[in-house]
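Novice: Mind having a look at this structure? Questions to follow.
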Amino acid sequence: MIINCCKLLIMKKLALHWQILIGMGLGVLAGLGWSYMGWVQFTLDWIKPFGTIFISLLKLIAVPLVLASLVSGVSNLSDISKLSRMGSRTLGIYVFTTVIAITLGLVIANVAQPGDSFSEEKKRQFQEQFQAKAAEKKESASKVQNQSPLQPLVDIVSDNIFNSLSDNRNMLKVIFFAVLFGVALLMVPPESAEPVQKFFAGINDVIIKMVEIIMAAAPYGVFALLASLIVEFAGDNPATALELFVALGYYSACVLFGLALMIFAIYPLILRIFVKFDYIQFFQAISPAQLMAFSTSSSAATLPVTMDRVEKELGVPEQITGFVLPIGATVNMDGTSLYQAVAALFIAQAYGMDLSLTAQLGIIATATLASIGSAAVPGAGLVMLVIVLEQAKIPVDGVTLIFAVDRILDMCRTVVNVTGDATVCTLIAASEGVLEYNKELENK
Ligand code: ASP
């Protein structure tokens, strides 16, 4: 059967999401096999680099893609006032879905009480084992905390666009520059504007083609990523790793249940009510982006795929995807914020604390800000969780308790982050009356 799957993969007869799923499945099997055989070093030396190369290829095109699609998108707008309306709607809906996600997380953790069953002995064992790793996260969090409250605003404006273009973490600066550039392009005489517009439109097409070329390697990339992830997690003793996982099984189940509700209930509901979109079709269209989010644990690395799918498969025009999706990848993290709510309550419960309603409302506020401030990279949510815990006066050392399963939960919450971005993007396109899907429906 494995050979048949490989043949299908090589012949590329299957839809992309099936190819990626097969790559992921084979990666998991290979990772488990190599881990049992003790081939840890082999995997890290000879397989992991291909996963790293694949992520780099995706990140490589993220900044140019955002710049080109935004400049050409904005400069094609017939009406600039559309931009500010779209901007405020986008931010408003992003905050709204984030608050829903956190509230859902809090309700689940209050009802299920996952931390109550966590024994003192397990607590001690986890604290000793993950002390050093938790210290690293605390240090990263304290750097963020020492900044001015207006720092996020300051961070949006670049003082040197060439410097900003050279670092993927500066996505908001690039967005700001591109919007300003696109608006200015609309204001200069057509003879000056036209060649520049054509240049960026051309770059945009070329980069979209690059996304397609890179995605042809996706099944192999995810194979390498998942195989090496499993080997890193399990080492040469998968049984111990499994024990850690089982100990945190109830907590993980709560997070996963909440994430599943977002994907299978909240987003479909939003799409049904406001867009009248068939969710199965939506799912099929963005599934490659969801699978990439799962494999890379990074909304930023997944961004080119999300933009490509939402534009081509859902029919959202580039001036909307170029604006809404990069902002979403940076500020909208529904999965991360839901996880932060469950994790904060789990830790509080494990430490025998009873959080008042006011403290929990405080968690909604800080987790919303924290998810906006989290970078779209693996593990960023855990750093910001430190800040949520401090704000709610929950022992920060508690992050040691959830470390063991954080990576796998990170993979799942990133899927929700990316799905949330795509949902809001579709919603915005529908509200602007430019969603191809709706136009087709009207014409039927
Ligand atoms: N990995 C997540 C993302 O990139 C952020 C996090 O939750 O750690 O969206």
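Novice: Sorting check: for 189-201, 413-425, 255-267, 289-301, which peptide has the highest mean count of neighbouring beta carbons within 10 Å, and how do the rest follow?
Specialist: Order by mean packing, descending: 413-425, 289-301, 255-267, 189-201.
Novice: Using θ = phi - 60° and the Karplus curve 6.51 cos²θ - 1.76 cosθ + 1.60, what whole-Hz ³J(HN,Hα) does each residue of region 294-309 get, with Gly and Pro shown as x?
Specialist: With coefficients 6.51, -1.76 and 1.60, one gets 4, 6, 9, 6, 9, 5, 5, 5, 7, 3, x, 5, 4, 4, 4, 5 Hz.
Novice: Can you pull a Stokes-Einstein diffusion coefficient for the chain at 37 °C (0.692 mPa s), Rh from Kirkwood over Cα pairs, as a whole number of µm²/s?
Specialist: The diffusion coefficient I find is 145 µm²/s.
Novice: Tell me the angle of helix 2-11 to the major Cα principal axis of the chain, expressed in degrees between 0 and 90 and rounded to the nearest ten.
Specialist: That works out to roughly 20 degrees.
Novice: Count neighbours as other Cβ atoms within 10 Å of each site's Cβ, and list the trypsin sites (Lys or Arg not before Pro) in region 92-176 that are DSSP loop with at most 15 such neighbours.
Specialist: Filter output for region 92-176: empty list.
Novice: Please compute the length gained on full extension between Val246 and Leu44, using 0.36 nm multiplied by the number of residues separating them and subtracting their Cα-Cα distance.
Specialist: Computed gain between Val246 and Leu44 is 70.2 nm.
Novice: Please give the FRET efficiency for Val188 paired with Phe274, using the beta carbon to beta carbon distance and R0 = 25 Å, rounded to the nearest 0.05.
Specialist: Using R0 = 25 Å, I get an efficiency of 0.10.
Novice: Helix 120-145 versus the longest principal axis of the chain: what angle, 0 to 90°, nearest 10, using Cα atoms?
Specialist: 30
Novice: How big is the shadow of the Cα convex hull of region 181-237, averaged over all directions, in nm²?
Specialist: Averaging across all directions leaves 5.9 nm² for the Cα convex hull.
Novice: Given q = 0.19 Å⁻¹, what are the Debye log10 I(q)/I(0) values for region 17-121, with equal point scatterers placed on the Cα positions and solvent ignored?
Specialist: Evaluating at q = 0.19 Å⁻¹ gives log10 I(q)/I(0) of -1.00.
Novice: Have a look at Leu58, Gln19, Ile207 and report the one farthest towards the positive end of the charge dipole of the chain, computed about the Cα centre with Cβ charges (Lys/Arg +1, Asp/Glu -1).
Specialist: Of the listed residues, the answer is Gln19.
Novice: To the nearest 10 degrees, how steep is helix 249-261 against the longest Cα principal axis of the chain, on a 0 to 90 scale?
Specialist: 20
Novice: Given N residues in region 136-201, what is its alpha carbon radius of gyration divided by 2.2 N^0.38 Å?
Specialist: Cα-based Rg divided by the globular estimate yields 1.55.
Novice: Summing Lys, Arg as +1 and Asp, Glu as -1, what charge do residues with Cβ under 12 Å from the Cβ of Leu77 carry, Leu77 excluded?
Specialist: Here the count lands on -1.
Novice: Separate question: In deg cm²/dmol, rounded to 500, what helix-only [θ] at 222 nm does the chain give when every DSSP H run of at least 4 residues adds -39500 (n - 2.57) and the total is split over its residues?
Specialist: About -26000 deg cm²/dmol.
Novice: From the phi of every residue in region 43-52, what ³J(HN,Hα) in whole Hz does the Karplus formula 6.51 cos²θ - 1.76 cosθ + 1.60 yield, where θ is phi - 60° and glycine or proline is x?
Specialist: These are the phi-based 3J(HN,Hα) values: 5, 5, 7, 10, 10, 3, x, 5, x, 4 Hz.
Novice: If you don't mind, there's one more thing I want to ask. Convert each backbone phi in region 220-225 into a coupling constant with the Karplus relation 6.51 cos²θ - 1.76 cosθ + 1.60 (shift: θ = phi - 60°), then list the ³J(HN,Hα) values in order as whole Hz, x for Gly and Pro.
Specialist: 6, x, 5, 4, 5, 5
Novice: Right, here's the next one. Quick one: putting +1 on the C-beta of Lys and Arg, -1 on the C-beta of Asp and Glu, what dipole do you get for the chain around its Cα centre, in Debye to the nearest 20?
Specialist: 360
Novice: Another one. Hey, can you rank 339-349, 152-162 by average C-beta count inside 10 Å, highest first?
Specialist: 339-349, 152-162
FYI, it's all coordinate maths here, none of it is from the lab. Because the structure is a prediction, the values reported are computed rather than measured. In this analysis, Cβ positions are derived from the backbone assuming ideal geometry, glycine residues included, and neighbour counts consider all displayed protein chains.
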